[in-house]
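For reference, the structure is listed below as structure tokens.
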Amino acid sequence: MDSIQRDEYRLALRMAIEKAWKRRKIGFRVVQPLSGYVEVAPQEKRGQLSLEPTSCVESSCCLGPRIAEQPQILATLRDVTDTVDNAEHKRRSQALNEIRRKPNVPVSRQQCRSLGDAVFAIFAPQDSTILTTNLRDLRPLSEALGKTCKSPSKVLAANTGA
């Protein structure tokens, strides 16, 4: 029975992942394609789903030069991240400040990872709504740039009348 139940859970999880992968392509568009990242659908390897690649193929951030061209946005986001007391925002603040101070130096992989949600806030179109389950971190960044961010569950509930 345990083996059957395990297989049922695996199948349910696989179906949820594949359904989410297909849904994200419906009604959404890629705003900023990443030249250094190859987007591949989940694939089965040795009985497990693989979500590889999980990182960029380039050593420096392909968005780095575009981010560095916006010193005012970098300063605004740095100011926001400086006011929040958590380790993630502290790393983000350091990365933002370093890019602002040295705009001609390539953005390293580590700095890019540290930017995290700031990338969504920077590159989301002004009239868009950023959907995220991480409102706590992304909302202050997006609001500082005059952008909207909402929870997908709230948007879904509003659109379905639930």
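With respect to the conditions (1) in contact with a Cys (Cβ under 6 Å, 6 or more places away or on another chain); (2) under 28 Å from VAL38 (Cβ atoms); (3) of a type outside the set (A, V, I, L, M); (4) modelled with pLDDT of 90 or more, CYS61 lacks only one, and its number is (4). Identify all residues within the stretch 55-73 that are closer than 13 Å to ILE122 by Cα, within 17 Å of the chain's Cα centre (by Cα) and of a type in the set (A, V, I, L, M, F, W, C); write none if there are none. Answer for the stretch 55-73, where residues must be closer than 13 Å to ILE122 by Cα, within 17 Å of the chain's Cα centre (by Cα) and of a type in the set (A, V, I, L, M, F, W, C): LEU63, ILE67. Scanning the stretch 134-162 for residues that are farther than 23 Å from LEU96 by Cα and part of a loop (DSSP other than H, G, I, E, B), we see that the one that is modelled with the lowest pLDDT is ALA162.
Here LEU13 clears all of (1) exposed (fewer than 10 other Cβ atoms within 10 Å of the Cβ); (2) touching a strand residue (DSSP E or B) at 6+ places or on another chain (Cβ under 9 Å) except the condition numbered (1). In the set THR54, THR129, only one residue is closer than 29 Å to LYS19 by Cα and touching a Ser or Thr at 6+ places or on another chain (Cβ under 6 Å); that residue is THR129.
Collect the residues in the stretch 81-113 that are surrounded by 21 or more Cβ atoms within 10 Å (Cβ to Cβ), touching a residue at least 24 places away in the same chain (Cβ under 8 Å) and part of a helix (DSSP H, G or I), keeping them in residue-number order. Residues satisfying the conditions are THR81, HIS89, ARG92, ILE99, GLN111, CYS112. Out of curiosity, is PRO152 within 25 Å of PRO33 (Cβ to Cβ) and either surrounded by 14 or more Cβ atoms within 10 Å (Cβ to Cβ) or in contact with a strand residue (DSSP E or B) (Cβ under 6 Å, 6 or more places away or on another chain) (or both)? Criteria met by PRO152. If the condition is being in contact (Cβ under 8 Å) with a residue 60 or more places away in the chain and surrounded by 13 or more Cβ atoms within 10 Å (Cβ to Cβ), then the stretch 29-39 contributes only GLN32. The residues in the stretch 81-120 that are of a type in the set (S, T, N, Q) and touching a strand residue (DSSP E or B) at 6+ places or on another chain (Cβ under 8 Å) can be counted, and the count is 1.
Checking each residue of the stretch 67-76 against the condition of being at pLDDT 90 or above, assigned to a helix (DSSP H, G or I), over 30 Å from TYR9 (Cα atoms) and among the charged types (D, E, K, R) gives no match.
For the stretch 114-133, what are the residues that are assigned to a loop (DSSP other than H, G, I, E, B) and either out of contact with any helix residue (DSSP H, G or I) (no Cβ under 9 Å at 6 or more places or on another chain) or charged (D, E, K, R) (or both)?
Of everything in the stretch 114-133, those that are assigned to a loop (DSSP other than H, G, I, E, B) and either out of contact with any helix residue (DSSP H, G or I) (no Cβ under 9 Å at 6 or more places or on another chain) or charged (D, E, K, R) (or both) turn out to be PRO125, GLN126, ASP127, SER128.
When the stretch 40-80 is filtered for residues that are small (Gly, Ala, Ser), out of contact with any strand residue (DSSP E or B) (no Cβ under 9 Å at 6 or more places or on another chain) and in contact (Cβ under 8 Å) with a residue 40 or more places away in the chain, only SER55 remains. Restricting attention to the stretch 92-136, the residues that are under 16 Å from the mean Cα position of the chain (by Cα), under 14 Å from ASP79 (Cα atoms) and of a type outside the set (A, V, I, L, M) add up to 1.
The values are calculated or read from the model by the stated rules, or taken from the named source; none is laboratory data. Because the structure is a prediction, the values reported are computed rather than measured. Here the Cβ is made from the backbone with ideal geometry for all residues, glycine too, and neighbour counts use every protein chain on show.
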